[in-house]
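The structure appears right after this line, and notes come after that.
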Amino acid sequence: MFSLFFAGIVWIELRIGRISGIEEVAGNLNLRVIGSLPQIPRSAINSSSRRRRSRNNDWHRKLSESIDSTRTMLLREADRETMKLVMITSALSSEGKTTLSSHLATSLVRAGRKVLLIDCDLRWPGIHSVFDNPLTPGLCECLRRDADFDEVIYPASQEGLWILPAGDVNEEV
């Protein structure tokens, strides 16, 4: 009975097909992993004590190092394959797309590259608030031809980085 129960659990796990690690992405999906980021615990995000702030700095250091190593791999691939575009996406909300894309963009600028960071998250745009830019006019206004491309790109505080915010989604279109 126990073996039958165990076999049923294994069969269900195989049918669900969840990805639980980097090895499964590379092996099962035949995709090449360029970089990975540490999962930062929520306790490290909001810290008040001195000890927690120290651990928080450790997490930020680990995040910066992993983003910089991902940047290095991207630049190596860009030189080899003339890559000009990187898309960051995920299946669920709150998985860190805005955080990753903004950190990766600033890391690429530090490496001497020119970057246009486009916020295509039309439901919950966030790039504009990270870089203290207005939400509108943005990508939506440009697509509706309510604004020219030159009007929707904002320079960031870092030289070599420009931001294209999502803009305001017009439900009537």
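The values are calculated or read from the model by the stated rules, or taken from the named source; none is laboratory data. As the structure is a computational prediction, the values presented were derived from the model and not from experiment. Neighbour counts are summed over all protein chains in view; Cβ atoms, including those assigned to glycine, are modelled from backbone coordinates with ideal geometry. We work out accessible area using only protein heavy atoms, side chains counted, and drop any ligands, DNA or RNA first. Shrake-Rupley method; radii C 1.70, N 1.55, O 1.52, S 1.80 Å.
Rounded, prolate or oblate: which fits the range 85-139, taking a ≥ b ≥ c as square roots of the Cα gyration tensor eigenvalues, rounded meaning a/c under 1.5, else prolate when a/b beats b/c?
On the way: a/c = 1.85, a/b = 1.23, b/c = 1.50.
It comes out oblate by the Cα gyration axes.
Which order do peptides 131-139, 23-31 fall in by mean Cβ count within 10 Å, highest first? The partial results should precede the final answer.
Values: 131-139: 17.9, 23-31: 10.6.
In decreasing order of mean packing, 131-139, 23-31 become 131-139, 23-31.
Does the range 116-173 classify as rounded, prolate or oblate by the C-alpha gyration tensor (a ≥ b ≥ c root eigenvalues; a/c under 1.5 gives rounded; else a/b over b/c gives prolate, otherwise oblate)? Walk me through the numbers before you get to the answer.
Numbers: a/c = 2.55, a/b = 1.51, b/c = 1.69.
Taking the square roots of the gyration eigenvalues as a ≥ b ≥ c, the range 116-173 is oblate.
If you roll a 1.4 Å probe over the chain with all protein chains in place, what percent of the accessible area is carbon or sulfur?
With neighbouring chains kept in place, the figure for the chain is 53 percent.
Obtain the nm distance between the two label points defined at LEU92 and VAL10 by a simple spin-label model: each point lies 7 Å from its Cα along the Cα-to-C-beta direction.
Label-label distance for LEU92 and VAL10, simple model: 2.7 nm.
Between SER64 and GLU24, take the C-beta separation as r, use R0 = 25 Å, and let me know the FRET efficiency to the nearest 0.05. Kindly include the intermediate steps, with their values, before the conclusion.
Values: r = 26 Å, r/R0 = 1.05.
Step by step, r from the Cβ atoms, then E = 0.45.
Could you tally the net charge around GLU159, taking each other residue with its Cβ under 14 Å from the Cβ of GLU159, Lys/Arg +1 and Asp/Glu -1? Let's see the in-between values first.
Values: positive: ARG110, ARG113, LYS114; negative: none.
Around GLU159, the charge tally is +3.
Spin-label point model (7 Å from Cα, Cβ direction): what's the THR136 to GLU77 distance in nm?
About 3.6 nm, to one decimal.
Among 3-12, 140-149, 74-83, 114-123, how do they line up from the highest to the lowest mean number of other beta-carbon atoms within 10 Å?
Details: 3-12: 9.1, 140-149: 14.6, 74-83: 12.0, 114-123: 16.2.
Output ranking for 3-12, 140-149, 74-83, 114-123: 114-123, 140-149, 74-83, 3-12.
I'm spelling it out carefully: the read-out is Rg/Rh (Cα atoms, Kirkwood Rh), the candidates are (1) 0.97; (2) 1.06; (3) 0.93, and one was derived from this structure. Which label?
(2)
Give the accessible surface of the chain per residue, rounded to a whole number of Å², with probe radius 1.4 Å and ligands, DNA and RNA excluded.
On the way: 12990 Å² over 173 residues.
For the chain, the per-residue accessible area is 75 Å².
Positive end of the dipole of the range 79-137, charges at C-beta (+1 Lys, Arg; -1 Asp, Glu), about the Cα centre: which of PRO137, THR89, VAL115 has its Cα farthest in that direction?
My answer, from the dipole projection, is VAL115.
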